[in-house]
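Below you'll find the structure, written out as structure tokens, and then a few comments.
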Protein chains: 4
Amino acid sequence: MKHRACLLKEFSKPLVIEEVQTPTLKPYEVLIKVLAAGICHSDLHLWLGDFVPQGLPKKLPIVLSHEVVGEVVDVGEGVPSSFRRGMKVLVYPWQYVEEDQLTIRGFTQLARKRLRLGIDVDGGLQEYLVSNYKFLVGVEGFEDIPALAPLGCAALTTYRAVKKAGAFVGPDDYVVLVGLGGLGSYAAQWIKLLMPYTRLVGVDVRDEAIEFVSKVVNVDVAINASREDPTKVLNELTGGLGVKAVVDLVGSPEIVSKYVNIVDTLGIYVLVGHMGRVEVPIPRPRIIRNEITITGSYTGSLSDQYEVVSLARKGLLKYREVVTKRYKFEEVNEAFNTLKEGKVVGRQVVLIT
Amino acid sequence: MKHRACLLKEFSKPLVIEEVQTPTLKPYEVLIKVLAAGICHSDLHLWLGDFVPQGLPKKLPIVLSHEVVGEVVDVGEGVPSSFRRGMKVLVYPWQYVEEDQLTIRGFTQLARKRLRLGIDVDGGLQEYLVSNYKFLVGVEGFEDIPALAPLGCAALTTYRAVKKAGAFVGPDDYVVLVGLGGLGSYAAQWIKLLMPYTRLVGVDVRDEAIEFVSKVVNVDVAINASREDPTKVLNELTGGLGVKAVVDLVGSPEIVSKYVNIVDTLGIYVLVGHMGRVEVPIPRPRIIRNEITITGSYTGSLSDQYEVVSLARKGLLKYREVVTKRYKFEEVNEAFNTLKEGKVVGRQVVLIT
Amino acid sequence: MKHRACLLKEFSKPLVIEEVQTPTLKPYEVLIKVLAAGICHSDLHLWLGDFVPQGLPKKLPIVLSHEVVGEVVDVGEGVPSSFRRGMKVLVYPWQYVEEDQLTIRGFTQLARKRLRLGIDVDGGLQEYLVSNYKFLVGVEGFEDIPALAPLGCAALTTYRAVKKAGAFVGPDDYVVLVGLGGLGSYAAQWIKLLMPYTRLVGVDVRDEAIEFVSKVVNVDVAINASREDPTKVLNELTGGLGVKAVVDLVGSPEIVSKYVNIVDTLGIYVLVGHMGRVEVPIPRPRIIRNEITITGSYTGSLSDQYEVVSLARKGLLKYREVVTKRYKFEEVNEAFNTLKEGKVVGRQVVLIT
Amino acid sequence: MKHRACLLKEFSKPLVIEEVQTPTLKPYEVLIKVLAAGICHSDLHLWLGDFVPQGLPKKLPIVLSHEVVGEVVDVGEGVPSSFRRGMKVLVYPWQYVEEDQLTIRGFTQLARKRLRLGIDVDGGLQEYLVSNYKFLVGVEGFEDIPALAPLGCAALTTYRAVKKAGAFVGPDDYVVLVGLGGLGSYAAQWIKLLMPYTRLVGVDVRDEAIEFVSKVVNVDVAINASREDPTKVLNELTGGLGVKAVVDLVGSPEIVSKYVNIVDTLGIYVLVGHMGRVEVPIPRPRIIRNEITITGSYTGSLSDQYEVVSLARKGLLKYREVVTKRYKFEEVNEAFNTLKEGKVVGRQVVLIT
């Protein structure tokens, strides 16, 4: 059997749709007809070859996209009977080669031998995909299946990061979210859902990003950092005490080293974004004397993935509002170019079949 | 009533012993005859005026030393009857002006309005001291009371830091301790006590410090960083995975930025020491992709203080071995000069009365 | 100085309002003019002498009520300057004689030597009351001060119990609340606030209690246990898996031993209520094989008290709707009689001054 | 291929060794030559048919024993290359049919569809066994492989239970272990290893069990409950405060309902053993007023299993001393009869090949 796949053959050059061999099913695998695949900022970087110094992608040509929803069309012999043809699924993209001591404790996304869709192996920009059954999360009961694709990365990553922050935040505290836009509009929703008692401070340098998120969720204090100094505003708001958590979706050294200074005693700074130089300076005395914690958060676990889907199913995440652009499979290069030009606020999804 | 106190009147100049007024007791206060007071590295810095840019000490003249053991000689009217004359006590030095939302949750050392002995107010280098009863921990049942003085800072600070690290460490993991010597000899003992299953890697640049700690506790792997690169050794030892925890009693930017790179997935880096520049660069991508945590640990809570004393009383901390030098009250300047010359391995205690 | 106090002199007999001596202030104490005092079910039991077998009340005559709001009218010399005359405060009622190793870790309500208002010492049914400053929580910024009284017990107790349950509950889980009415209407609100993703199942045997709570908060599934078997309903709802948490405000042996059987793997049963025989049978095999936890929750800590007040101030707790009856000081016996007759749904407050 | 297996065909009748069909390997499975299989008390109950009311064993005939060590002799095509022929392994017995939301969070032993060796499916009393690779833990580097068999149940179960208790215990606390003998000798070791600062109180009604455990590990206080009342002894020892944890390997209603009364504020009672009636009465008021927790602990997770093996490998568990009797495969009925007669102190292992 053959199917059409969108191949990255050469960095920065147009992606090519070609016929490829559909893999045969191993015992615990499921064959999935891809319905939609999301385009993430990291797809853009992979396409441009920005991650080559880090050894990514692992192979060329590669099929990009790690945000995948589809329909079960065939199952291997060892797959539990709960997986049936016609069933709609989200594919958890943070897969791995084999179980290890991290995966058996639930830290699936931190597996020693990662096999991430669209990064280490072929991803969602193709008509068919195979996956071990255990990485498939049923998405029955949703009205808009294609809009679920970003739940595999954008919504998942922010969910885990916000949960990490949440453990440090009480009823009287402020939470700062750095970076609005697509990722930020999920993060802002998680903050308001998981910490309904906190005051959300949203920071961005783009007015359109602030506006976009503000339409989806109530941002208590919005700061355009190109016009105002957020640390000054926050010092005033908190009487100099600072905030209990920063969720930083940008992560540039300038932002981190400055914003750590408005984290209050026993507060947390969650690093998610990868912008700018890799060396980030932090102020040691403040961290020690106030017992501040800085931690990284990477995508999410399979268990987090189930939670994200459940919350969306209950109507507690506005997932449709965040998907602002849908492309046909044939228009995939347009999606990448638009993203490259920085014109996208919200998330983009490619409709495959 | 008057008593003799050792005053810091001018930075770097010899301390002067003079008669001062003994404060009268407020209702919840206890009058303590000081038996011994420890000399900490931060006392040296206070004496030299190194902390003036940070606004410390809060006043001049000041009586230094925050490591104090003594005997109850009088009690205020509101003091519980369990405090009796003749009772030996350790004075918890991380006191504060008033209760706040941090202290009522047990984070006494992080109080909003700190009143630290020997830093914000007069400390232990004097014959008499008053303290609210609730900061006094009974030390009956010990053979060597003066050697307990450092339990208020050196043993306490390392205890809290090691407990923070312990939450991240399992049976197969390595723990790295940076900085042996006095503080390190408590830390090494706590690591072996609280994580008896872990392999302890001790790092220092001084052979005498490595030897000193190795006599007190079994260091599984000792590395002199002036001759060997610890990150290389640890990469080899762990097959490239790294260690689960670093307890860093030094904290220089060079050490932190380098050693974070050998922290394994879900590991922790605990900052305790304050050496060198305050801006410490950390590698963001490794922290994110492996969900590494960096946190500060500051002295210890009153509850930690009780635990430290209990463990010492049970013979689980060799506290006498760490105190390598005892001075008479009149020799106090010698203690500071010896410390300044970098000749001290272990801790120094001044016998007051 | 003298003031009027409502005295319990003889069990089950009418309470008497008499003049008593106003205590003089100790250094850390504050004199409070009582504005309102709530009447709790335990006040009824104290009045009737039901707790005499447990040694309560500790003395006779006693002034009942542990739910107290008032105004600062005088401060002792050691009281921080943030406490000023005219300031409105809630008095944290779970006070104690002296600090101990539980209180210094934040478990104030579990102090070794408890000094609970209206139980161990005189409580709120009097014109003036003294309290150590650290047990006073400012309640500026509220419209209806008297309606805040129950925040010291009813709202606090349910807050802590719900937080304990919350640690076990995820997005797909059900939470069962046993006992609606006054206490239950706070609990239901906390469940919806702290676990907005969970489905709340409310159980009671009184239709009026179910109706009352349903007006304040959205109860997803309401069961009148006198007509339907809640375990049967819940087994059907959860496909036999059960619920993740039960918050039991009743606590009778019949309820506990039955409802534990619908707690799912890794779930929790929080005991709050004291109805019926003290020996409660639990099914050992289910508890072991599914690692179920049963725990008690007792009032709340001082830190919980601050959180409760903050959440109410932010409008996240409908506290006014729960107070259904207000009495004048002179009508205090009517309040007790009405409660005795079982006619109260919601909470009762006595306006003192 | 065929091999010899020991079959339970009829309850209480001698087990029969017969030739059976060796299963063929599925892709992720490993064929294991069984070296030794432990005999647990639950094997005795299965043999006697005691668990028939609970629906166990799931089938007849069945091969008993869930404590299995063996050697890899063949691997399926999907098994990672780290599994090689000749490799010695412990088989984690708490297997399951398929991944679910509990297993992906690391709670493998609590899987919705359990497939426990020797209980739900054939276990270790046979020459060959197949298992999914992910349930195999390498046991290279041990001197005595057969003595490792009980690490799959007895050592694992007590490890998890002690870890649960450990979270509640501080430096000044007592831990009570109810039930010495085989299981107890592992538990006592874990208590001393994981809480080296605690005082261990061992309780049993058999002098020989007390002696047996006392040879393996230092029991601080040993109480023969047939001669002394442990609650009285412990009340005296703790000045009426009680102990912070009870690990109960017996679990009879009489013991639980009595011993809960000596659990101190914020303490825990861990239920492990299944003796006697299933309904266990607990004292509600004490549980509420002191916030005591009662919880079940069931075997251990796969992650716990790795930890148990690591600790034994490091010499931190005396595993050989606990195995007091070894039988040949042909003597298997003798092993069951000896256990039935109550003559066994320590654990029994059957050497298969």
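Values quoted throughout were computed directly from the atomic coordinates according to the rules given, and no laboratory measurement underlies them. Bear in mind the structure is a predicted one, so any value in this text is a computation, not a measurement. A quick note on method: Cβ atoms are made from the backbone with ideal geometry, for glycine too, and the neighbour counts reach across all protein chains shown.
Ordered by the number of other Cβ atoms lying within 10 Å of each residue's own Cβ, fewest first, C:12, A:131, C:185 fall into the sequence C:12, A:131, C:185. With one equal scatterer per alpha carbon and no solvent term, the Debye-computed log10 I(q)/I(0) for region A:110-220 at 0.11, 0.15, 0.18, 0.23 1/Å reads -0.47, -0.80, -1.00, -1.24. The magnitude of the dipole of region D:198-353, with charges of +1 and -1 set on the Cβ of Lys/Arg and Asp/Glu and taken from the Cα centre, is near 240 debye. Taking 0.36 nm per residue of sequence separation and removing the Cα-Cα distance, the residue C:10/residue C:25 pair yields an extension gain of 2.5 nm.
Taking the Cα centre of region C:261-304 as the origin, how large is its charge dipole in debye, to the nearest 20, when only Lys and Arg (+1) and Asp and Glu (-1) carry charge on their Cβ atoms?
220 debye
Which of rounded, prolate, oblate describes chain B, given a ≥ b ≥ c as roots of the alpha-carbon gyration tensor eigenvalues and a/c under 1.5 marking rounded, otherwise prolate only if a/b is larger than b/c? Judged from the Cα gyration tensor, chain B comes out prolate (a/c at least 1.5, a/b above b/c).
Under the rule a/c < 1.5 gives rounded, and otherwise a/b versus b/c splits prolate from oblate, where does region B:156-296 land using the Cα gyration tensor?
rounded
Taking only Cα atoms, what is the 0 to 90° angle, nearest 10, from helix B:207-216's long axis to the longest principal axis of chain B? For B:207-216 against chain B, the angle is about 70 degrees.
Would you mind classifying the protein assembly as shown by shape? Square roots of the alpha carbon gyration tensor eigenvalues, ordered a ≥ b ≥ c; an a/c under 1.5 is rounded, otherwise it is prolate if a/b is larger than b/c and oblate if not.
Numbers: a/c = 1.27, a/b = 1.24, b/c = 1.03.
Rounded.
Taking the number of Cβ atoms within 10 Å of each Cβ as an exposure proxy, the fewest-first ranking of B:174, A:133 is A:133, B:174. Gaussian network model of chain B, Cα springs within a sub-10 Å range: biggest mean-square fluctuation belongs to which of B:311, B:46, B:129? Largest GNM mean-square fluctuation: B:311.
Residues of chain D were split at every exposed loop site, defined as GluC sites (Glu not before Pro) in a DSSP loop with at most 13 other C-beta atoms within 10 angstrom, and the longest piece left, sites excluded, is D:229-340.
For chain D, a Gaussian network of Cα nodes joined below 10 Å ranks D:81, D:301, D:42 by mean-square fluctuation, and the top entry is D:81. Comparing B:49, B:14, B:76 along the charge dipole axis of region B:12-96, the residue lying farthest to the positive side is B:76, per the Cβ-charge model. Build a GNM of chain C with springs between Cα atoms under 10 Å apart, and of C:49, C:242, C:124 the one that fluctuates most is C:49. For the protein assembly as shown, the Cβ-based charge dipole about the Cα centre amounts to some 0 debye (Lys, Arg positive; Asp, Glu negative; other atoms uncharged). Placing R0 at 41 angstrom, the Cβ-Cβ distance between residue B:331 and residue A:254 gives a FRET efficiency of 0.20 after rounding to 0.05. With contributions of -39500 (n - 2.57) from each DSSP H run of at least four residues, the per-residue ellipticity at 222 nm computed over chain B stands at -7000 deg cm²/dmol. Figure legend: label point modelled 7 angstrom from the Cα of residue A:45 along Cα→Cβ; residues of region A:174-191 with amide N under 19 Å from it are A:178-187. Debye-formula intensities of region B:31-119, expressed as log10 I(q)/I(0) at q = 0.19 Å⁻¹, are -1.03 (one equal scatterer per alpha-carbon, no solvent). Just to confirm the number: angle between the C-alpha axis of helix A:181-194 and the first principal axis of chain A, 0 to 90 degrees, nearest 10? So the inclination is approximately 70 degrees. Over all other residues within a Cβ to Cβ distance under 13 Å of residue B:206, the charged ones net out to -2, with Lys and Arg as +1 and Asp and Glu as -1. The Rg/Rh ratio of region D:54-179, with Rg taken over Cα atoms and Rh as the Kirkwood radius over Cα pairs, comes to 1.01.
The Rg/Rh ratio for region A:116-164, using Cα coordinates for both the radius of gyration and the Kirkwood hydrodynamic radius, is 0.98. Out of all DSSP beta bridges with both ends in the protein assembly as shown, state the antiparallel percent to the nearest 5. About 60 percent, rounded to the nearest 5.
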